[in-house]
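The block underneath contains the structure these notes are about, expressed in structure tokens.
The values are calculated or read from the model by the stated rules, or taken from the named source; none is laboratory data. Keep in mind that this is a model prediction, so the values were computed, not measured. Cβ sites come from the backbone with ideal geometry, for glycine too, and all protein chains shown count toward neighbours. Heads up: the accessible areas ignore ligands, DNA and RNA and are worked out on the full protein's heavy atoms, side chains in. Shrake-Rupley method; radii C 1.70, N 1.55, O 1.52, S 1.80 Å.
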Amino acid sequence: MITEATLLHLWHHLGWPLLRLLLYLAIGLLAALFIESLNWTRKLAIVARPLTRFGHLSPLTGASFSMCFFSGMAANTMLAEGYDSKQLSRKELILANLFNSLPSNFLHLPTTFFIAAPIIKGAAFIYIGLTVSAAVLRTLFIALVSRLLLPAANSEAQAMQLPPDPAHPFRAALRNTLKRFKRRIRKIVSYTVPIYILFYFLSEAGFFAAAERFMGQHLAWMAWLSPQALSILTFQMAAEFTAGLAAAGSLLASGSMSAREIVLVLLIGNVLSSPIRAIRHQYPYYAGIFKPVLAAELILFSQSFRALSIAFVALVYYFVTA
């Protein structure tokens, strides 16, 4: 028999989070479709025009880049719509998702900084600076790769033209948005809900916690790190980033570790802990926006590229400060 306590637990940990996710997805979808219906993609793309023109990326990719500073879901929805309507090739879709690394990083920057600064003080500025540098490098590198892989004419692609209504452009755009929204939201819900529920029960069964503990406990290959550094990594991977920060703050305050060591170990923990958390938190909504297989590919590419870029800036920092 299901008790009241069980129902409350399900509502607080499954029902409400899932409803909130679907609400955010719906808002992002509406915003993306409305902007596209008004043919505003070129206006939004102005912000990223120098980079997109250099990288032979389409105006739609530039618009998604600009939108990503405000909403990652809306930006990804814009890319998915462009891919489904054949405005974007599969190659450009993957490149565009990677290209959005910089604005998506800025979305979480204030939260990360204001949590880290009181705990690890000056080291927070270095850590945040290096992670932002990694994001900038990723975006610049993707622009260069895109220039080599995409045709030059691609950057002059026309935004999707919709039936004109000179008298009432907003009303026509709204009608078109609602029509497309109804069709698209059904598909998103049909993928997102079952995947989210599956991942919830995997989480409740301890699958992700066990995976993170396993990674945290099997760090023998990192014996070159000090025991204090390993303790931060263990907390960061077995619990969460804030737990790793708390451990780092304590060791920094006691003088057991320097700011340089703290920054390096947090960067290493960032690389090691991100993949499982990306699968756990990103995949359910990615699978609603993109097709499940494509969603998995995009996460694999983005996480691999992110890990490589952070590892690179960590190595540079290590040798520069040696």
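Would you list which lysines come within 20 Å of LYS187, measuring only between C-alpha atoms, while excluding same-chain residues fewer than 8 positions from it?
Cα-Cα hits under 20 Å: LYS86, LYS179, LYS291.
Would you calculate the separation in nanometres between label points at LEU140 and HIS9, each defined as 7 Å from the Cα along the Cα-to-beta-carbon direction?
Reported label-point gap for LEU140 and HIS9 is 5.1 nm.
How large is the accessible surface of PHE170 in square angstrom, using a 1.4 angstrom probe and rounding to the nearest 10?
So the heavy atoms of PHE170 present about 120 Å² to solvent.
From the square roots a ≥ b ≥ c of the eigenvalues of the alpha-carbon gyration tensor of the range 92-131, which class results: rounded (a/c under 1.5), prolate (a/b over b/c), or oblate?
The shape class here is prolate.
Within the P(r) computed for the range 86-154, what percentage of the Cα pairs occupies the region above 13 Å?
68
Starting from one equal scatterer on each C-alpha and no solvent at all, send me the Debye-based log10 I(q)/I(0) for the range 269-322 at q = 0.14, 0.28 Å⁻¹, two decimals.
-0.44, -1.03
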